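Colleague: The structure that follows is given in the form of structure tokens.
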Amino acid sequence: MAVETGCFTIGVFQDLEWAQRGLDALAAHGFVAESVSVIAKETPEATALVERVTGRAAERLDLARLGAAAIAGPLVAALNGEARDLARLGVAGTMRRVGFQSHDGEIFERLIGRGGVLVAIHSEPRAADALAVLHNYGAGNAAIGAWAGRV
């Protein structure tokens, strides 16, 4: 079964508090919970944030180079791929699947490791809107991945 990667807009907030502000802003701008993904180092607070924002239970996954992470959303399936190797390859090793360069994945992974919260929005028609909200609410390294077939 092939996984639809589509277009993801990704940014990393410096901590849970900033992530909550950005996620609230995304919701206020009409981005639905089904389009939002969150990846954070696992803590009770991070797990609660993931569940509150995505409306589903956070998955716990031991990621290469990061350790235990609380994750949920469509980005997880896209990064996992058919081989289910997100845990083995980590964020840096799988980010090319959604149109980012490997060095982008390394940056995202490093920021998550420092307590940052990766937020991704799966919304090709509104990618520029998502990027603007991420930038306006403090997400670092926010960018739009290349559309399928362009990488």
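Colleague: Distance between the C-alpha centers of region 1-80 and region 86-151? Whole Å please.
Modeller: If we compute the Cα centre of each part, the gap is 11 Å.
Colleague: Of 127, 102, 49, which is farthest along the charge dipole of the chain in the positive direction, counting Lys and Arg as +1 and Asp and Glu as -1 at C-beta?
Modeller: Of the candidates, 102 comes out farthest on the positive side.
Colleague: By the gyration tensor of its Cα atoms, with a ≥ b ≥ c the square roots of the eigenvalues, what is the shape of the chain: rounded for a/c under 1.5, prolate for a/b over b/c, or oblate?
Modeller: Rounded, since a/c falls under 1.5.
Colleague: Between residue 110 and residue 77, what is the label-point separation in nm under the 7 Å Cα-to-beta-carbon projection?
Modeller: Rounded to a tenth, the inter-label distance reads 3.2 nm.
Colleague: For residue 32 and residue 132, calculate 0.36 nm times their separation in residues minus their Cα-Cα distance, and state this gained length in nm to one decimal. Walk me through the numbers on the way to the answer.
Modeller: Numbers: separation 100, 0.36 × 100 = 36.00 nm, distance 1.63 nm.
Here the answer is 34.4 nm.
Colleague: Still on this model: Dipole magnitude of the chain about its Cα centre, charges +1 at Lys/Arg Cβ and -1 at Asp/Glu Cβ only, in debye to the nearest 20?
Modeller: 220
Only the coordinates and a few stated rules stand behind these numbers; no lab work does. Given the structure is predicted, the values throughout are model-derived calculations rather than measurements. Cβ sites come from the backbone with ideal geometry, for glycine too, and all protein chains shown count toward neighbours.
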